[in-house]
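Comments concern the structure below.
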Amino acid sequence: MQKTFHRAALIALLSTATLATSLPFQHAQAAPLKIAAVPTSLADQQFQHISQEFLTALWQQDPELAMSAGNFDTAGKLSLPDQATRDAYIAFADRWLQQLARVDGEKLSASALTDLTLMRNYLQGTRWYLSTFREFEWNPSQHNIAGGFDAILNTDFAPKDQRVRLAIRRLQAVPAYYAAAKASIHNPTPEHTRLAIRQSSGALSVLTELEKAAAEQHLNDTEQAALQTGLRNARAAVNGYVQFLSDLEKNLNPATARSFRIGKALYEGKFKADIQSSLSAEQTYQRALLAKEEAHKNMEKLADQLWEKTMGKQVKPADRAQKIAMVIDKLSANHIEASQLYPEIRRQLPLLEKWIRDHDLLNIDAKKPLIVRETPEYERGVTIASIEAPGIFRPQDNTYYNVTPLEGQSPEQIESTLREYNHWVLQILSIHEAIPGHYTQLQHANQSPSMIKTLFGNGAMVEGWAVYSERMMLESGYGGNTPEMWLMYYKWNLRAVCNTILDYSVHVLGMSEADAKDFLVHQAFQTQAEADGKWQRVQYTSVQLTSYFSGYSEILAFREQLKKQQGAQFNLKNFHEQFLSYGSAPVGMIRQLMLKKDSAAL
Ligand code: ZN
Ligand code: ZN
């Protein structure tokens, strides 16, 4: 469902922007970049030249971002989270914003114009993060060296011995890194401070991993010495940071310490930077409240329809939510055996593909392999499934549909998971992750390859499309239009809706922990365990939880607007094909470009 994507080490957690469904660059070569397809005009060619220069400068400015893009040329350099680095990044953003202001967007093709806007958004967002949001001050868990070392040791961009040498070079800056981190911390939140203390074990284990990897290589004496001294100093630095945070935490007064709730002003700013919606955060929240009410109304009708079939003579409770919950609970017993998880998902994919072809909903490139596999251990998180797509450099590679294996969980946990991903929801999951959700969207995005679009792709568009595709499939009659399928659909859809309500309520309106959990259990029909997990997530992150509903509701509203405007001319497949042809750009931008094209055609 979601993964994190780090914009840069010093702005980390920035986007958690889910972009990462695309997780594009895993095995990419750090080769010269090719941007966009065939240039069509002089203006586009000139702009491509500027984009190339921008990317070259960006890799120098931000080695961690470069690594996440598969470029390890500057990986030996660890960026320090100090004021000098932040000032330099702001100066970089200002310089490039000035340069981009000279580009005449009117002369560009839609694809180039999208790139230009994404670059501007990125630079303005960076400025805002470093000067206004200032998470480096109050979230100590931002400062952690694990990510960079992990990428160097576990990405196959060069022979192992070269990667180990690169890591040893990087290791030398670790003490300076944590010294800068300590100096950056100012009035942190108790929650993020405790999180940072817990997560520091990740930094220590990556150092152990480096030590093991180095033991398998033939290092000369100088390199050995650098390794040993480096490891000793790095471990001391990590432990020193933990000690510093523990002392700090003891003296934090819960009544006066900074709250993890970011408040209205910062929330709107972050929403603007990350989601890039045409609505404000508050408008999106209001829209989610309406969507929740509508879902509940529809679910009640469906529960009434299904009551006798599922509950027999049992008396209906007067409470709407309780009635819906009872029917959902009963239906959830219809699920596969644990051993059938992978075979069942593999069986579904060709059926989904056939459905889309038979109903003329979208083009699907059948040549591109999609492999269902167990989620690699280091990527296993709280979610059951994810899509891992090939990077822009290697579009011929496989796309993986990762599914977390059930083995190792208690029988109760397994039963709970199987009930959650029951007969109906498991199909919706495959729609979301694969066809025509993430897998199909990324396939389309790769048809007009652009480094800029891949790097700065919009998380709300990516998740919004996947969520929209669930509804679109059911509207086309997939699942037989049964009340069971629709009831389960609404329960699933409520997750996205209620994530938005929860995030805004907690961060802006001050919703309490007890109220939040009660809301998730009774309004979104989630289990207590899910609600507990979600409370953890909403304390440490903000805004990202709104991306699913924000993107989805904007796509749906746009489609309905076009339907009205075009009447009998409206063609669903054309709408989908056009919509997906702009890459992972923000929905509002795609909307503008499509409307412009439409009016030009008239
Ligand atoms: Zn998703
Ligand atoms: Zn069961």
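The values are calculated or read from the model by the stated rules, or taken from the named source; none is laboratory data. Note that this is a predicted model, so its numbers are computed, not measured. Neighbour counts are summed over all protein chains in view; Cβ atoms, including those assigned to glycine, are modelled from backbone coordinates with ideal geometry. Side chains included, ligands, DNA and RNA excluded: accessible areas come from the protein's heavy atoms. Shrake-Rupley method; radii C 1.70, N 1.55, O 1.52, S 1.80 Å.
Can you tell me how many residues within the stretch 319-353 are more than 16 Å from ligand 1 (Cβ to nearest atom) and under 20 Å from ILE387 (Cβ atoms)? Break it down stepwise before answering.
Residues of the stretch 319-353 that are more than 16 Å from ligand 1 (Cβ to nearest atom), as a first pass: 319-344, 346-351, 353.
In the following step, the residues that additionally are under 20 Å from ILE387 (Cβ atoms) were identified as 341-344, 346-351, 353.
Count: 11.
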Query raised in the report: Restricting to the stretch 142-181, what's the tally of residues that are farther than 27 Å from TYR540 by Cα and part of a loop (DSSP other than H, G, I, E, B)?
Result: 7
Query raised in the report: For the stretch 247-276, what are the residues that are within 18 Å of SER505 (Cβ to Cβ) and touching a Gly at 6+ places or on another chain (Cβ under 7 Å)?
Result: ARG261
Query - Tally, over the stretch 81-91, of residues that are in a loop (DSSP other than H, G, I, E, B) and surrounded by 20 or more Cβ atoms within 10 Å (Cβ to Cβ) - result: 1
**Report entry** Sole residue being hydrophobic (A, V, I, L, M, F, W, C), touching a residue at least 40 places away in the same chain (Cβ under 8 Å) and open to solvent by less than 70 Å² (accessible area, probe 1.4 Å), chosen from ALA196, ALA225
**Finding:** ALA196
Query - Close pairs from the stretch 410-438: first part of a helix (DSSP H, G or I), partner open to solvent by less than 30 Å² (accessible area, probe 1.4 Å) and within 11 Å of ligand 2 (Cβ to nearest atom), Cβ under 7 Å, at least 6 apart - result: ARG419/SER332
Report task. Could you grab me the full set of residues in the stretch 401-458 that are touching a helix residue (DSSP H, G or I) at 6+ places or on another chain (Cβ under 7 Å), under 17 Å from GLY479 (Cα atoms), within 16 Å of ligand 2 (Cβ to nearest atom) and open to solvent by 10 Å² or more (accessible area, probe 1.4 Å)? Result -> TYR421, TRP424
Query raised in the report: Taking the condition modelled with pLDDT under 95, open to solvent by 60 Å² or more (accessible area, probe 1.4 Å) and out of contact with any Lys or Arg (no Cβ under 9 Å at 6 or more places or on another chain), does ALA265 pass?
Result: no
Query raised in the report: Looking at (1) in a helix (DSSP H, G or I); (2) open to solvent by less than 50 Å² (accessible area, probe 1.4 Å); (3) in contact with a Ser or Thr (Cβ under 8 Å, 6 or more places away or on another chain), which is the only condition ALA529 fails?
Result: (2)
Query raised in the report: Going through the stretch 48-72 one residue at a time, which ones are open to solvent by less than 10 Å² (accessible area, probe 1.4 Å), modelled with pLDDT under 95 and either part of a helix (DSSP H, G or I) or farther than 26 Å from THR155 by Cα (or both)?
Result: PRO63, LEU65, ALA66
Query - Number of positions in the stretch 92-147 that are open to solvent by 40 Å² or more (accessible area, probe 1.4 Å), of a type in the set (Gly, Ala, Ser) and at pLDDT 95 or above - result: 2
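Name the residues in the stretch 400-450 that are of a type in the set (Val, Ile, Thr) and within 15 Å of VAL467 (Cβ to Cβ), would you?
Restricting attention to the stretch 400-450, the residues satisfying the condition of being of a type in the set (Val, Ile, Thr) are 403-404, 414, 417, 425, 428, 431, 435, 440.
Answer for the stretch 400-450, where residues must be of a type in the set (Val, Ile, Thr) and within 15 Å of VAL467 (Cβ to Cβ): VAL425, ILE428, ILE431, ILE435, THR440.
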